[in-house]
Amino acid sequence: MSIFFHGALGGLIAPFKKDILPFIFLGMFPDMIGAVSFFGIDPNGWLIYRLAHSIWPVLVLIILGLAFRKQTIFLPYLAHVVIDIPTHRSGSGNLFTPFADPINFSGINWWDYPAIEIVGWLILAALLFLRIKLSTKNLMGVDKN
């Protein structure tokens, strides 16, 4: 999905309004790291992009989150990686880069099928609507039970 989609998803899953910017940033971060591959700066081809879209940065963020008591900080990065696995035919299909891919899964490229991105944005809009609706009910004193 596009970098903007990942940023919007990161903002949507931020637990509090004050956390929204780091969550947006971390949602886009795998593509920002991988941009060196887009511009030919990566001497190993697409290795940096594939590493940025692997499970290893997510594990590092989980450890940092536990160390700094920000347990949910890995969620936007993880969401980015999980969404890119089925929506990229190449580049980010191996969760275990640089090691061998035990799954050998190959998705489809979202840019070849624009409806995928459109449906993604519609789902995000629906989730945002639900989040606002639920938070408004909580502000009005409506009990969740």
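The values are calculated or read from the model by the stated rules, or taken from the named source; none is laboratory data. Just so it is clear, the model here is predicted, and its values are computed rather than measured. Ideal geometry is used to build each Cβ from the backbone, glycine not excepted, and the neighbour counts take in all protein chains shown. The protein model used for the area step is the full one, side chains on, heavy atoms only, and it has no ligands, DNA or RNA in it. Shrake-Rupley method; radii C 1.70, N 1.55, O 1.52, S 1.80 Å.
I need the helices (runs of 4 or more DSSP H) fully contained in region 12-121, keeping only those with at least 2 residues that are modelled with pLDDT under 85.
Numbers: elements: 20-38, 47-52, 55-67, 75-84.
Correct list: 20-38.
Please enumerate the residues belonging to region 69-98 that are more than 22 Å from G7 (Cβ to Cβ) and open to solvent by 60 Å² or more (accessible area, probe 1.4 Å).
The answer is R69, R89, S90, F96, P98.
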